[in-house]
Every structure is written in structure tokens, then in C-alpha cells.
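Participant: Before I ask anything, here is the structure I am working with.
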Amino acid sequence: MEAPTIRLVLQQPSLAPTNLELRGPVITLGRASDCTVPIRDRYLSRHHAEIAFESGAWLVRDRNSANGTLLNNVKVDGGSPLRPGDRIVLGDTQIVFDPPVEPSLSQIIPLDTDSQAKNLALPAEKVVAGDTARAGVLASLALEFIEDRPMDDLFEFILSRVVELLHPSRAALALLGAGGSFEHVHLRRRDESDSADLYISRTLLGEVIEGRNVISFVDTSVDEKLARAQSIIAQDIRSAVCAPLLVGDAVLGVLYLDFLSAHGSVTQDDVRLIAQIARFAAAKLETTRLREEAIAKAKLDEELRTAYTIQSRLLPVELPSVDGYDLAGSNRPCRTVSGDFYDFIVRPDGRMYFIIADVSGKGITAALVMASLATAFDIFVSRDPDPAELVSQINKTLAPKTAPTKFVTLVAGVLDPRSGTIDFTNAGHVPPLLITASGVERLASTDMIVGLFAHARYRTQRVTLAPHDSLVLFTDGVTEAENADEEQLGLDSVATAVATLHGTPATRILDAIDAHVQAFAGHTAANDDVTLLAVTRNV
């Protein structure tokens, strides 16, 4: 059996949902550019998962990805069958499989038919108004279209004017969405008790949208070809017009109206008038969409600036002074707000706690989790816990309150400045680097990430800084930085870059790593936050 076309909705943080129509039998998902659906999400493997059509049904299958695949919040093991409306979670990305159609979208249904039934087809861009009376109507409408209206009100205004001028049985205005489906469908009926769907020949719609023609079929009772057209006879249509909403070379949607057998008919002059109204409507709908998008973006930008101001207060304004040690930290978000966090807190006995953390995802949602993490760190440090206990308390606080896709990787530790001993716990984070006189050591042992399981257990590890040694920590925005060939920088490259920096001040070490990252990435835009922290013992 040939795989049918499926619809998917791709949802990523801070991005508008993307509607996809794809045909199998195998649809691959992942970060690699050769995937059927390439997804820029750092928590995805290059070939992360696939949707396959097997034995007459669709399945989702994980492809041994590093972070796994969830189906309706249950981990996928083997092939899991898919049902309409199911949610597939890959890293920080959600995919809705075969989403249910909103009721409004079913009001206009393209009907599969080979009928070319029409008796008038005019190029939309060449249609001009007919008689003087209709030219006057257009001039009057043009003045009314100058006034700004909200998008929903604009739809109703356009349909109201069409109904007032031509008195059709039904009038519809619909915009095209992804994959050629209709979105934002508005339909007016003369008979309010009529709830039947509106069927239009898919072939005729293609000529309207792809051919940019105004199509009409008039007086079907005397035209043999029209009388055989399913989409016409099934609805008892006497005449109808379908015009493209044309802006430049782009077709935004269609304006449709019809007359049932007892409700009059449309003339050729009416067709020309409708085509001109469609041109006015298209231009106004497009300018209104652009205006509303600009207003929404300005509002979002203002909210993001406010969020950035609040978030920046959670990061250290200035670093504490610890005798005999040099400290440095930096945070560079790839967007306005960040999901990364770092902090230093010196306790009354002179010991210094530190943390570096990375919340999954980006944007506002990650920033909110980051704010909760910052508050928890500040509260629990006041009890002077060992690092394992500290991370366990943070985890127990966050796990019940965060979604499965919103987890945290972190390293938290405490420095005893008298001995140079650092006790730390690594919860799924990038391995810290210890720069010593004999080379660079990767502290790779790690425990469970934070925020998934409230009863996860953590261990305290220990290193000791000799004079001029440094401990360097960073988020995976460093190691997973990509160049133009989609190659990642990697931990080994960073370790090599700092191998000669023993005895170097902490700030210079971070500057060197940052320069190394930017030289590797070149002009490739960063797709993740970059946060670094370093502690150097001077004596």
C-alpha cells in the first residue's frame, strides 16, 4: 500500500508553528540537513527519529538518539503507533501528528474531481471594472478600505460589502496556509439555517490559485459540462465566482460566492466587479497582517526587554573577592533572554559556593526555569550543604514543577580557599576542565540531570587546586558551537585551546575560550547561549 500524505505541525520555542504536508514511507527527523524534516534543536541527534508507514499504519520510532523520543509523554521503545492529534517530543521540539481540523476549516472542502467545468476564466491582474456604475461602487469601496480594522473585523467587513452589493446565497473568504490548505475561513450564508459544507472542485481551485484566474460558472442548467460537475450539482448551484486574493505574484487565498437555483445569478460584469473587490481585499488583508505582526512583535520585544532586565539582576553584578583566588564568569545569550545561569556566593566562614547551569530550550520558558533555579540556589546555600545535598534539594524543588522537556544540567560546588579543595557535583553537565602544570584533566564523571526525577541521587566529587591551577566550567553552547559545515567544536578542541594557559588569570582564560569558539564558528550564527566560569588559584 502506498503511503498517504500526512500533516504535521512543528512547534519550537519562540518560533511560529510550521505546518507540513509530507508523503512517506519514511520521514526522518533530526539535526542533520539530509533529514526529511531538519530541526535546529541542540537536544536532537543528527538522525533522531523517524515516522514510518508500515502495514497500513503510521509509526514513530526512535533512532538510538542520545536524549530519546517521547510520544504523549511516554518514551518511545521500538515502533509506537500514531493516532491523529498525538504529540511527539524530540528535545525541545514538539510535533503534532495529523492535527484535527478546526471546525472553521471544514467550511470549504476541495473536492477531488477532473471536472474543468467553467464558462468564464479571466486573468485576475487584467480584469477591470465594467460599466460606470460599478466603477463608482469600486471608488466608494476604495475609500472604505482606507480605514484600519482588526483582521477579524476586516474579514466580516469585506463579506458584508460583497453580500450587500451582490446578494449571493453564500460568500466565503479564505486564506491559504501551509501545504495549500485553507486557514482563517469566513463564510456568510443568506439562509442562516443552512449548515452544509461548501464544496469546490479541486481542479477549479488550482486554476484560481496557480493560474491566477477569476473563474465563474453561470447558468449550469444549459451547459452540459457544468451539469456534470459534482461540486456544482451536489449543491444545486446555478452560478458562482471564485477569485484569487492576489498581491503582486502571490495568491493569499480566495474570495468565493455562489447563487443557488432559486436565488438569482451572476453576470459577467459582476465577475469583473468581484475580481476588483478581491484585489482590494487582498491588499488590505496583507497590509493589516503586516501591521498586526509589527504591533505583536513590538509588544513581544518590549516584554523580552523587561524579562532581560529582570534576568540580568539574577546574574552577578560583580564577582566576590576571595583572597588568593581569581574569579571570572560571563553569559552571552543567543536571544534576548537566556536559559543559562551562573553565580558565586561567599559564606561567613569564607567558603565560596559556585554554580553553572543550562536549562533545556531557549527563550522565555527557559528563562523562567532559570529564575526558579537561581532562587533555589540562593535559598539552599544558606544552609551550608555539601554539593550533593545542594543539588538534591534543587532537584526536589524543580522536578514536580517542570515539564519533562524542561530539565537542567548543572555543576555546583564549594571552594575551601584555605586548602584549595573544591567539592562539586555534576548533574549531566559538560565536564569541567582542570588546568594543572602537567596538562588539562577532563572531570567527566556525572550524575542524573536535574528536574526529571524528584528522588534522583547525586555524589560529591573532589579536586584540589595547587598554586596557579584553574577550574574551568562552561555550558554546551561552547562545545556544541557549529561552523558552516555543521561540525561541532567539541570538548577536546576546547581542552587543547587552554592547555597552555596554566597560571593565567581567570578572565584571560574565558577570553581565550570565547575567541576560540568565535574563530571556529566564523559567520555561523550561534544557536545556543554561551556561559563560562573559571576559578584560578594564585598562590
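Participant: Only bridges whose two residues both fall in the stretch 1-57 count here: according to DSSP, what percent of them are antiparallel, nearest 5?
Facilitator: 85
Participant: Something else about it: Given the whole protein assembly as supplied and a 1.4 Å probe, what does the accessible area of residue 26 come to in Å², nearest 10?
Facilitator: Number for this one is 70 Å².
Participant: Provide the three semi-axes, in whole Å and in decreasing order, of the ellipsoid equivalent to the stretch 277-348 as defined by the square roots of 5 times the Cα gyration tensor eigenvalues.
Facilitator: The three semi-axes for the stretch 277-348 are 48, 10, 6 Å.
Participant: In nm, give the distance between the simple-model label positions of residue 308 and residue 386, each being 7 Å from the Cα along the Cα-to-Cβ direction.
Facilitator: Each label point is offset 7 Å from its Cα along the Cβ direction, giving 4.3 nm.
Participant: Using every alpha carbon pair in the stretch 328-385, what percent of pairs falls into each 5 Å bin from 0 up to the bin containing the largest distance?
Facilitator: 4, 18, 27, 20, 15, 9, 4, 1
Participant: Where does each of 210, 441, 480, 156 land when they are ordered by accessible area, with a 1.4 Å probe and the largest first?
Facilitator: From most accessible down to least: 210, 441, 156, 480.
Participant: Can I ask one more? Based on the Cβ-Cβ distance of residue 57 and residue 183, what FRET efficiency does E = 1/(1 + (r/R0)^6) give at R0 = 41 Å, to the nearest 0.05?
Facilitator: 0.90
Participant: Under the definition of Cα pairs under 8 Å and six or more residues apart, what whole-number percent is the relative contact order of the stretch 1-77?
Facilitator: 20
Participant: Applying a 10 Å radius around every beta-carbon, put 83-95, 423-435 in order of their mean neighbour count, most first.
Facilitator: Ranked from most to least packed, the peptides come out as 423-435, 83-95.
Participant: Label points 7 Å out from Cα along the Cβ direction at residue 300 and residue 438: separation in nm?
Facilitator: Reported label-point gap for residue 300 and residue 438 is 5.3 nm.
Participant: Of 184, 455, which has the most accessible area with a 1.4 Å probe, and how do the rest follow in descending order?
Facilitator: 455, 184
Participant: What is the sum of charges, Lys and Arg at +1 and Asp and Glu at -1, for the other residues whose Cβ falls under 15 Å from the Cβ of residue 502?
Facilitator: -1
Participant: Which order do 390, 452 take when ranked by solvent-accessible area (1.4 Å probe, heavy atoms of all protein chains), largest first?
Facilitator: 452, 390
The values are calculated or read from the model by the stated rules, or taken from the named source; none is laboratory data. Keep in mind that this is a model prediction, so the values were computed, not measured. Glycine also receives a Cβ, built like all others from the backbone with ideal geometry; neighbour counts cover every protein chain displayed. Keep in mind that these areas ignore ligands, DNA and RNA; they rest on the heavy atoms of the full protein, side chains included. Shrake-Rupley method; radii C 1.70, N 1.55, O 1.52, S 1.80 Å.
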